[in-house]
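The values are calculated or read from the model by the stated rules, or taken from the named source; none is laboratory data. Model, not experiment: these values are computed from the prediction. Neighbour counts run over all protein chains shown; Cβ positions are idealised from the backbone, glycine included.
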Amino acid sequence: MALCLEDAWFKYDEYVLKGASICLSEGELAILLGPMGSGKSTLLYALANLLPLEKGRITLDGEPFREEDRKKVGIVFQDPEDQFFNVTVFDEIAYSLRALGFSDHEVESKVKAVASKLGIENLLYKNPFKLSYGQKKLVALASVLVYEPKYLLVDEPTSNLDKVSYGKVMSLIAERGALVTTHEVDWLPLASKVYVLEDGKVREVKDVVKALKDRSLPVPLPTSWEVLIETLGPERALDIMREKARKLTVLKPQQ
Amino acid sequence: MNLFDRVLKPLNEELGEAALALNYKSRPPKYPWLYLASLLASTALTANYFFSAILVSPISVFVLKDRRLRKPLAVTAAFSAVVSLPILVLNSYKFVNFNFRVFSSTALGLYLASLVGWDGLVVALKDVGLPTEIALALRSLPSQLYSFLHDLNTLVIARKARGFDLSYRKLWELLATAIGSLLVKGMIKSHRASMALKARGLAFITSKRYTFPTIISVIALGVSVLGVVLGGRLV
């Protein structure tokens with residue numbers, strides 16, 4: 001059971017994806033790293049079948065992706081404002097549920113439940129365009145989590161969040177599994193798969209410890225991590241990072 | 001306080017609210033046949049606008065009674081009056097005719113949106129063959145208009161914060177130079193919003209939920225478009 005993109009080719013002015021292939025299994029947390037402008041967001045759009053690919057194939061659970069499969073794939077954009085098109089936060093979150101034909105009562109209870117999980121109950125009747133950036137990020141995430149898509153694709157979910165929201169978002173996403181593009185190394189110990197997008201192609205990092213040792217991951221490591229790796233070695237450092245992630249998300253990170 | 005603070009900012013806010021007001025959900029239909037008759041009259045018979053006014057007035061009263069509908073109607077009417085001022089100098093009859101047509105079609109359009117909701121309207125149009133891309137763009141139009149105005153506001157504030165002179169003449173210069181980049185930004189944002197719509201719902205809405213009022217509204221919209229295009233030449 002997986003959502004896969006195979007041999008994808010796509011260009012804006014020049015090619016961004018040059019035969020990129022990636023798979024997300026159900027319930028798995030995978031992270032996608034890559035330098036700025038490498039095409040991480042484009043890859044997510046392509047995987048969600050939102051771009052006209054020049055070449056390539058998208059399959060969902062082994063079958064070619066069909067229009068009716070859209071409800072099984074949720075995507076959260078990097079800039080939350082890009083995905084707002086409703087008057088109130090409530091309507092924004094409720095949109096997909098209404099489209100799926102849920103009753104008003106069900107819509108209300110589901111919206112309130114997801115809002116409470118993310119701590120945005122007090123924003124429900126506000127205009128989404130008038131919120132702070134961090135609040136917008138939470139609303140954008142809620143609007144997708146609410147209809148429980150089988151596969152979740154999230155673009156930079158924890159950038160610009162305060163510490164409390166950061167942990168909440170991380171744990172919610174890690175709990176249900178997703179493909180996450182990020183620059184934040186905190187995600188690294190939680191992920192069961194790590195991918196890197198470079199020169200239009202995706203490669204899987206099989207040995208994270210080795211990659212940390214070689215400094216071959218395309219994300220800047222915080223000084224604290226550098227010190228840990230230098231003094232304790234990458235394996236022990238990764239254990240400590242796992243512990244930190246466990247505390248942050250109150251979840252069991254991947255071994 | 002400069003021109004932006006006194007005039008453009010409140011206008012910007014009003015327009016933003018008006019755009020968002022279009023977004024609201026459907027309500028139970030009221031007098032759809034009356035609506036259809038009035039629509040026909042206002043669009044096809046606008047050459048004889050005094051006669052049309054009699055037919056359109058019940059709808060206008062309905063719209064004016066609704067606080068949420070009143071605002072977009074007032075903003076549109078005010079805009080229409082301002083842009084048609086040069087016509088007043090040349091021909092007062094044409095001025096009244098033009099404003100009447102704008103007012104009546106806005107009132108009817110708002111009534112239509114309140115009948116089936118903006119969503120319902122777009123989905124119905126999609127069902128009768130409107131290309132999906134256009135349907136997506138239409139659906140995100142009200143919120144994108146708000147977003148566009150928000151960006152304009154931010155841009156002016158950013159210029160002010162950096163000590164730019166925002167006197168009357170300079171402000172218009174700034175707006176003129178900013179419009180291109182704002183349009184490009186708006187296009188990128190609309191594209192993303194249409195992708196979000198595609199991903200989050202419009203693709204999986206079924207037309208089964210939209211029945212009698214939707215059908216009436218779609219017919220009426222078609223007639224309205226024809227009427228606006230022909231502009232009273234039918235009589």
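Let's see how each residue does on (1) loosely packed, with under 13 Cβ neighbours inside 10 Å; (2) within 11 Å of chain A (Cβ to nearest Cβ); (3) touching a helix residue (DSSP H, G or I) at 6+ places or on another chain (Cβ under 9 Å); (4) modelled with pLDDT of 75 or more:
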{"position": "B:ALA161", "(1), (2), (3), (4)": "yes, no, no, no"}
{"position": "B:TRP172", "(1), (2), (3), (4)": "yes, no, yes, no"}
{"position": "B:ILE215", "(1), (2), (3), (4)": "no, no, yes, no"}
{"position": "B:ALA220", "(1), (2), (3), (4)": "no, no, yes, no"}
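Scanning segment A:220-240 for residues that are at pLDDT below 80 and under 20 Å from A:GLY167 (Cα atoms) yields A:LEU221, A:PRO222, A:SER224, A:TRP225. In the set (1) of a type outside the set (Gly, Ala, Ser); (2) surrounded by 13 or more Cβ atoms within 10 Å (Cβ to Cβ); (3) over 27 Å from A:LYS18 (Cβ atoms), the condition left unmet by A:VAL194 is number (3).
When A:VAL146, A:VAL169, A:VAL114, A:VAL76 are screened for being of a type outside the set (Lys, Arg) and under 19 Å from B:ARG192 (Cα atoms), only A:VAL76 passes. All told, A:GLU175 falls short of being at pLDDT 90 or above, surrounded by fewer than 18 Cβ atoms within 10 Å (Cβ to Cβ) and more than 12 Å from every other protein chain (Cβ to nearest Cβ).
Being farther than 11 Å from A:VAL89 by Cα and within 14 Å of another protein chain (Cβ to nearest Cβ) narrows it down to one of A:TYR166, A:TYR125, A:TYR147, so name that one. That would be A:TYR147, the only listed residue that is farther than 11 Å from A:VAL89 by Cα and within 14 Å of another protein chain (Cβ to nearest Cβ). For the residues B:ARG200, B:ARG192, the requirement of being modelled with pLDDT of 70 or more and touching a Ser or Thr at 6+ places or on another chain (Cβ under 8 Å) singles out B:ARG200. Let me spell it out: the conditions are (1) under 30 Å from A:SER132 (Cα atoms); (2) surrounded by fewer than 20 Cβ atoms within 10 Å (Cβ to Cβ), and A:ASN86 meets all of them except one. Which number is the exception? Condition not satisfied by A:ASN86: (2).
Restricted to segment A:199-211, and to residues there that are outside any loop (DSSP other than H, G, I, E, B) and under 22 Å from the mean Cα position of the chain (by Cα), the residue that is surrounded by the fewest Cβ atoms within 10 Å (Cβ to Cβ) is A:GLU204. The residues listed here are A:SER143, A:SER171, A:SER165, A:SER159; of these, the one that is among the small types (Gly, Ala, Ser) and part of a loop (DSSP other than H, G, I, E, B) is A:SER159.
If the condition is being more than 7 Å from every other protein chain (Cβ to nearest Cβ), under 18 Å from the mean Cα position of the chain (by Cα) and assigned to a helix (DSSP H, G or I), then segment A:70-103 contributes A:LYS72, A:PRO80, A:ILE93. Quickly run through segment A:55-69 and pick out the residues that are buried (at least 17 other Cβ atoms within 10 Å of the Cβ) and in a helix (DSSP H, G or I). Of everything in segment A:55-69, just one residue is buried (at least 17 other Cβ atoms within 10 Å of the Cβ) and in a helix (DSSP H, G or I), namely A:ASP69.
The set of residues from segment A:110-127 being buried (at least 17 other Cβ atoms within 10 Å of the Cβ), part of a helix (DSSP H, G or I) and hydrophobic (A, V, I, L, M, F, W, C) comprises A:VAL111, A:VAL114, A:ALA115, A:LEU118, A:LEU123. Please indicate, with yes or no, whether at least one residue in segment A:7-16 is part of a strand (DSSP E or B), closer than 26 Å to A:LEU221 by Cα and touching a helix residue (DSSP H, G or I) at 6+ places or on another chain (Cβ under 7 Å). Yes: segment A:7-16 contains one or more residues that are part of a strand (DSSP E or B), closer than 26 Å to A:LEU221 by Cα and touching a helix residue (DSSP H, G or I) at 6+ places or on another chain (Cβ under 7 Å).
crowded, with 21+ Cβ neighbours inside 10 Å and among the charged types (D, E, K, R) - does that describe any residue in segment A:41-54? No, segment A:41-54 has no match at all. Residue-level check: of (1) outside any helix (DSSP H, G or I); (2) surrounded by 14 or more Cβ atoms within 10 Å (Cβ to Cβ); (3) under 18 Å from the mean Cα position of the chain (by Cα), A:MET36 misses just (2). Before we move on, is A:LEU44 at pLDDT 90 or above, in contact with a strand residue (DSSP E or B) (Cβ under 6 Å, 6 or more places away or on another chain), more than 12 Å from chain B (Cβ to nearest Cβ) and not in a loop (DSSP other than H, G, I, E, B)? Criteria not met by A:LEU44.
Return yes or no: is A:ILE93 more than 30 Å from B:TYR146 (Cα to Cα), in contact with a helix residue (DSSP H, G or I) (Cβ under 8 Å, 6 or more places away or on another chain) and not polar (S, T, N, Q)? No.
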